[in-house]
1. Kindly provide the set of residues from region 183-208 that are surrounded by 14 or more Cβ atoms within 10 Å (Cβ to Cβ) and over 14 Å from Arg170 (Cβ atoms), ordered by number.
2. In region 88-117, which residue that is among the small types (Gly, Ala, Ser) and assigned to a helix (DSSP H, G or I) is nearest to Val78 (Cα to Cα)?
3. Name the single residue, out of those in region 67-87 being over 20 Å from Asp10 (Cα atoms), part of a helix (DSSP H, G or I) and of a type outside the set (A, V, I, L, M), that is nearest to the chain's Cα centre (by Cα).
4. Please find, within region 209-245, the residue that is surrounded by the most Cβ atoms within 10 Å (Cβ to Cβ) out of those that are at pLDDT below 80, out of contact with any Phe, Trp or Tyr (no Cβ under 7 Å at 6 or more places or on another chain) and assigned by TED's automatic domain parsing to the domain that holds His181.
5. Name the residue, out of Arg45, Arg33, that is within 10 Å of Val69 (Cβ to Cβ) and modelled with pLDDT under 90.
6. Take region 209-245 and flag every residue that is in contact with a helix residue (DSSP H, G or I) (Cβ under 7 Å, 6 or more places away or on another chain), within 12 Å of Arg175 (Cβ to Cβ) and not in a helix (DSSP H, G or I).
Amino acid sequence: MQSLEFNGLDETDFEEFCYQLLNELGFVNLDWRKGTDLKGSPSDRGGDIVGQREHTDIDGSRHVETWFVDCKHYKRGVPPTELSNLLSWAQAERPHVALFIASGFLSNASKDYLSDYENNNRPPFRIKFWERPVLAKLTEGNRDLLARFLLTGMRTESEILAAEQEFFDRVWHERHLLFRHRYEAGDPGRTMEEIYRQALAAAKQVKARYPDVCPVESDFEWGMWNGKLSALRWVLGEEWDFLDT
């Protein structure tokens, strides 16, 4: 079984991965409790996702279970201090299951903490945790999900977006230099002074982001820049050869 690697994902990417995994596993009424369009999730109250799963008893009767899910994206073992919020919320709201999904592993101290919590509190919900080996098993053969989150050696969406922005800026900056040369040479078709000043300010910002940005040295290099921008935009859903800046 191929080992999953989540190093290319940030916390929000990992939460979205967990949301889509639960959807693939048949959970319904999923609610990703971000509370904002920002990258963080300040409004989740310790539970990142709420979902329901249909359960069939041995006699064929069916009922729906509610799961509270907390996603933990840590390079090291998840510490016990990161578990209390979900447990407190579950204790108050009484779901059927409180689930921790870890991109790596829970620390041994965390596993002891959960065991002691169950023994001492007898909570009215089950406590489960999925670590990376479980995630590998649950996603085995799901090529669409793995490809979407680029856990198979491909670039993550955030990396692609960053690269697209970089080559957008580099192509724009080169065009700005040509525009600037024409303007300062007194080209009759030059733009208004205010637009010229705005362009200078924008070029300064690009230079601050990419200190190595400089005029292209050859037609080949210019073609490479445009080709990369076109390819990155195609991956992100644009048509080929869309090079507007």
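1. Within region 183-208, Tyr183, Arg190, Tyr196, Ala199 qualify.
2. Checking each candidate, the answer is Ser110.
3. Of everything passing the filter in region 67-87, Asn85 is nearest to the chain's Cα centre (by Cα).
4. In this case the residue turns out to be Val213.
5. Just one listed residue meets the conditions, Arg33.
6. Those that are in contact with a helix residue (DSSP H, G or I) (Cβ under 7 Å, 6 or more places away or on another chain), within 12 Å of Arg175 (Cβ to Cβ) and not in a helix (DSSP H, G or I): Pro215, Val216, Leu243, Thr245.
The values are calculated or read from the model by the stated rules, or taken from the named source; none is laboratory data. Everything numeric here is computed off the predicted structure, so don't read it as measured data. Cβ coordinates were reconstructed from backbone atoms using ideal geometry, including for glycine residues, and neighbour counts include every protein chain displayed.
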